[in-house]
Each structure stands twice: as C-alpha cells, then as structure tokens.
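A.B. asks: Sharing a structure below in structure tokens format, with a few things to ask.
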Amino acid sequence: MTESPPPILLPERIQFIKKAVSKKNIFDSLTTLLAEGQSEISPHRIFDALIQREKLGNTSIGNEIALPRAHIKISYPRAALLILKKPLMTTNSIDNKGISLFLALLIPEEQRSNYADAVKNINQTLAISDKLHALIKSKNTESLSKYFNSLLTLRLLQPPEKEASTNKEEL
C-alpha cells in the first residue's frame, strides 16, 4: 500500500496580513510558512529558490494574484498562501492593480516536466474564480485550504506513481 502524499496547502500555511511593507517582507513570510513543520530543507534555501525564480520573470498572473514558485529538492509539493487586506503595489504587477494574494509553490525537482502545464492550469482557474473571492472574504483557512488543494492536487503536481513491475512468465 502506497502512502498518500500530504496536502499541498495546509491551513497552518495560510496567513492574512493587514499591511505588507515590501516584496521582501512578503517573501520572508512565505518562507516562514513553507519551512514550518518540515526538516527537509532550510528556510534560507527556500527563500533563495523563490527569489532566484522571481528574478527570472514576473510571477504576477493578474487579478491581484501572484504565483511565486520554485523547483527544489523536496519529497512532495507544498504551498503557502498570503492574503493582504490591501494590495501591495509593485512595478511588476501585469495589470497594475497590485497584488493581494500570493500563492507560493515549492515543486520537487523531479516533477519539472509537469510543472509548466500545472502552473498554466492554476493560473487560468485562479484568474476567473468567483469562489476564491468569497473564500477570501470568509477568512476560513480550512475552506481556503480545501479549495486550493482541489486545484493543486491535479495529477500534474502529484508525485509520479511507481509502476509495479511483474516478472510473470507468459504462457
């Protein structure tokens, strides 16, 4: 029997913030949330990986949403969610509305090939989700966790299933 992977976004990794001072402050908070409760990787390595990816290009997807992400040597994908009361105005928001929702993803390195399609699907879903806005207003971390896990547990983000090999002789 294979062990099922842990949920990608736990309620404990969701935080509401009244005011963010800077983008660095946001990435510090995301790093703290992603590092909490695990010993696989250091907070310093998480922060560096997120910043390195951010330097490659904008992670804003519009509609006040950003999807910072990084490939990193971990066993399972994990996510953290920061929701700001007032959008952080940044020069790299693609629609100039600022960013009020940061969904950070850490993806295991071996899932790199599935990564682009998964991010594209998540981007499309989040950009048009009325349900997301209702959940944010509710401030219910359990409901938000369930909603995002339903998006994030796409087969594309799950560890590949190991095929059982059989050594049966054909008759």
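A.B. asks: Hey, rough spin-label estimate for His133 and Glu110, points 7 angstrom out along Cα→Cβ, what's it come to in nanometres?
C.D. replies: It is 4.2 nm.
A.B. asks: Can you check what the net charge comes to around Glu40, using other residues whose Cβ is under 10 Å from the Cβ of Glu40 (Lys, Arg +1; Asp, Glu -1)? Numbers along the way, then the final one.
C.D. replies: Working: positive: Arg45, Lys73, Arg78; negative: none.
Once positives and negatives cancel, what remains is +3.
A.B. asks: Out of the DSSP beta bridges found with both residues in region 11-157, what percent are antiparallel (nearest 5)?
C.D. replies: Counting DSSP beta bridges with both partners in region 11-157, the antiparallel share is about 45 percent.
A.B. asks: What does the extension gain come out to for Asn58 and His44, with contour length at 0.36 nm per residue minus their alpha carbon separation?
C.D. replies: Full-extension gain reported as 2.9 nm.
A.B. asks: OK, next. Take Asp95, Asp130 and order them by how many other Cβ atoms sit within 10 Å, fewest up front.
C.D. replies: Starting with the residue having the fewest Cβ neighbours, the order is Asp130, Asp95.
A.B. asks: Taking neighbour Cβ counts within 10 Å as the exposure measure, how do Arg78, Arg13 sort from fewest upward? Write out the running numbers ahead of the final one.
C.D. replies: On the way: Arg78 28, Arg13 24.
Listed from fewest to most nearby Cβ atoms, that is Arg13, Arg78.
A.B. asks: Total Lys pairs in region 11-157 closer than 15 Å by alpha-carbon, pairs eight or more apart in sequence or interchain only?
C.D. replies: 19
Read-outs throughout are calculated quantities, based only on the coordinates presented, and are distinct from any laboratory measurement. Everything numeric in this text was worked out from a predicted model, so none of it was measured. No Cβ is skipped: glycine too gets one built from the backbone with ideal geometry, and neighbour counts run over all protein chains shown.
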